[in-house]
């Protein structure tokens with residue numbers, strides 16, 4: 001340590017000795033602190049070679065060390081240093097700043113080494129933990145150390161923030177790259193949907209931090225507008241009040257929507273296609289609604305459009321599946337010269353039973369795991385099918401023969417239809433495993 005120490009030879013010797021003693025003590029205190037916290041200073045190369053599972057634990061310990069240094073070690077040692085060199089304030093400042101910086105640089109080297117490892121989605125949250133730790137200790141560092149040291153910590157934090165932005169934006173590529181060729185059995189919620197929405201839910205627990213780093217790194221956020229089939233979707237992300245992070249959040253969900261639309265085309269049955277889109281759309285909306293941090297980031301128009309999409313999937317399913325069934329229950333063409341034409345009536349009852357049997361057999365294997373959505377579907381089906389069948393049955397059953405001959409055509413009572421509708425969307429696993437869509 002090169003310093004100019006004034007005074008006589010004896011005084012200079014005392015000061016020099018005091019510096020050496022304090023230097024030695026400071027190193028010991030730091031080493032004891034990291035030992036007690038079970039942290040070991042490692043080289044950049046060693047950090048890069050570590051498996052992520054091991055490195056996660058090291059990062060957790062590093063954060064404890066950083067907080068301990070900023071809130072306990074540095075303030076205590078600064079106070080002692082000022083006391084020892086009370087008559088040489090400039091020496092105290094210079095000495096402590098250099099010793100503290102030597103410690104901090106070791107910790108920041110570890111941080112920088114972590115940032116240099118290969119990026120992957122699961123690393124985001126530990127990166128954010130490190131960013132928050134460095135950001136939050138800066139006020140304490142400013143009090144006990146120099147502004148220059150605080151600036152170095154801030155710069156290291158910025159590098160973490162930049163890496164975190166890249167990781168979050170890489171989620172787009174993960175979604176685009178998920179091109180599964182096999183449809184999910186029964187039209188259930190796709191694993192990609194669960195992964196992305198749970199990832200976003202967890203990420204939004206760091207909402208304030210993510211908004212901060214996205215604001216700082218706006219230039220890194222890809223400016224992409226995704227065209228949707230409906231022109232109304234072009235409004236996504238155009239709200240000038242949306243933060244860069246909120247815009248990116250909506251972009252990710254838009255991409256997920258597009259991916260799911262592509263996956264829906266793997267189903268040959270159009271009705272199952274709409275069940276799949278409805279299941280996944282409802283799951284997305286429920287996750288957004290349940291996570292206040294996500295909901296607060298959403299543009300109102302954007303959210304309403306997606307709610308409308310899910311309702312439209314429901315309508316499309318209803319029309320595709322039950323429209324033809326209801327045609328069997330129409331009265332047109334059943335009378336000839338003012339009298340009921342029995343062969344036509346028999347054909348109508350027969351067609352209705354056959355169609356309903358097929359729907360019940362097929363759609364009881366489909367999956368609607370959201371209880372509210374399952375109930376809404378059954379209620380809406382019952383609301384259109386049961387009154388129509390009850391009316392048709394009540395008016396025309398009397399024209400058919402009683403006994404077994406009549407039962408040949410009239411297979412179900414209205415109450416049977418109600419019971420069978422309640423069995424739809426239960427997702428019988430063994431049936432799903434055998435059925436290909």
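The values are calculated or read from the model by the stated rules, or taken from the named source; none is laboratory data. Everything numeric in this text was worked out from a predicted model, so none of it was measured. With ideal geometry, Cβ positions are generated from the backbone for all residues, glycine too; neighbour counts draw on all protein chains shown.
Pick from 398, 374: which is surrounded by 14 or more Cβ atoms within 10 Å (Cβ to Cβ) and either in contact (Cβ under 8 Å) with a residue 40 or more places away in the chain or over 30 Å from residue 267 (Cα atoms) (or both)?
374
Which condition breaks for residue 296 when tested against (1) more than 30 Å from residue 255 (Cα to Cα); (2) exposed (fewer than 13 other Cβ atoms within 10 Å of the Cβ); (3) at pLDDT below 85?
(1)
For residue 29, are the conditions met, namely being in contact with a helix residue (DSSP H, G or I) (Cβ under 6 Å, 6 or more places away or on another chain), touching a residue at least 24 places away in the same chain (Cβ under 8 Å), part of a helix (DSSP H, G or I) and in the same structural domain as residue 132 (by TED's automatic domain parsing)?
Answer is no for this residue.
Mind listing whichever residues of region 292-319 are more than 13 Å from residue 384 (Cβ to Cβ) and either part of a loop (DSSP other than H, G, I, E, B) or more than 28 Å from the chain's Cα centre (by Cα) (or both)?
Of everything in region 292-319, those that are more than 13 Å from residue 384 (Cβ to Cβ) and either part of a loop (DSSP other than H, G, I, E, B) or more than 28 Å from the chain's Cα centre (by Cα) (or both) turn out to be 298, 299.
Answer yes if at least one residue in region 122-145 is closer than 29 Å to residue 285 by Cβ and in contact with a strand residue (DSSP E or B) (Cβ under 8 Å, 6 or more places away or on another chain), and no otherwise.
no
Can you find a residue in region 160-178 that is outside the structural domain of residue 266 (by TED's automatic domain parsing), touching a residue at least 12 places away in the same chain (Cβ under 8 Å) and outside any helix (DSSP H, G or I)?
Within region 160-178, one or more residues are outside the structural domain of residue 266 (by TED's automatic domain parsing), touching a residue at least 12 places away in the same chain (Cβ under 8 Å) and outside any helix (DSSP H, G or I).
Please find, among 286, 312, the residue that is in contact (Cβ under 8 Å) with a residue 60 or more places away in the chain and either at positive phi or out of contact with any strand residue (DSSP E or B) (no Cβ under 8 Å at 6 or more places or on another chain) (or both).
286
Quick check on residue 195: is it within 30 Å of residue 67 (Cα to Cα), buried (at least 16 other Cβ atoms within 10 Å of the Cβ), at pLDDT 95 or above and within 22 Å of the chain's Cα centre (by Cα)?
no
Inside region 69-90, can you point out the residues that are in a helix (DSSP H, G or I) and either farther than 20 Å from residue 28 by Cβ or modelled with pLDDT of 95 or more (or both)?
Answer for region 69-90, where residues must be in a helix (DSSP H, G or I) and either farther than 20 Å from residue 28 by Cβ or modelled with pLDDT of 95 or more (or both): 89, 90.
Before we move on, is residue 368 in contact (Cβ under 8 Å) with a residue 60 or more places away in the chain, within 19 Å of residue 415 (Cβ to Cβ) and surrounded by 14 or more Cβ atoms within 10 Å (Cβ to Cβ)?
No; evaluated as a whole, the condition is false for this residue.
Report yes if some residue within region 328-337 is more than 22 Å from residue 173 (Cα to Cα) and part of a helix (DSSP H, G or I); otherwise report no.
Yes, the conditions are met somewhere in region 328-337.
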